[in-house]
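Here the structure comes first, spelled out in structure tokens, and everything after it is commentary.
Taken together, the values in this text are just the output of simple stated rules run on the coordinates, not laboratory data. No experiment lies behind these values; they were computed from the predicted model shown. Here Cβ is always computed from backbone atoms with ideal geometry, including for glycine, and neighbour counts include all displayed protein chains.
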């Protein structure tokens, strides 16, 4: 819990970011970005190659 010291609020790292890290968010972001890049490559090959 955040505490007040010398007219300022002091919070630990978890409280300061208002949540927890984890939940594989980085993996989901990386895979979805890679998926979009692959989809764009497929669309490019389909529409712009002979």
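Note on residue 27 and residue 10: the extension gain reaches 3.0 nm, defined as 0.36 nm multiplied by sequence separation minus the Cα-Cα distance. Quick check: from the Cα gyration tensor, does the chain come out rounded (a/c under 1.5), prolate or oblate? Here the chain falls in the prolate category.
Highest mean packing first, where packing is the average number of other Cβ atoms within 10 Å per residue, the peptides 33-44, 3-14 line up as 33-44, 3-14. Extension gain, residue 48 to residue 18, is 6.1 nm, computed as 0.36 nm per intervening residue step minus the present C-alpha separation.
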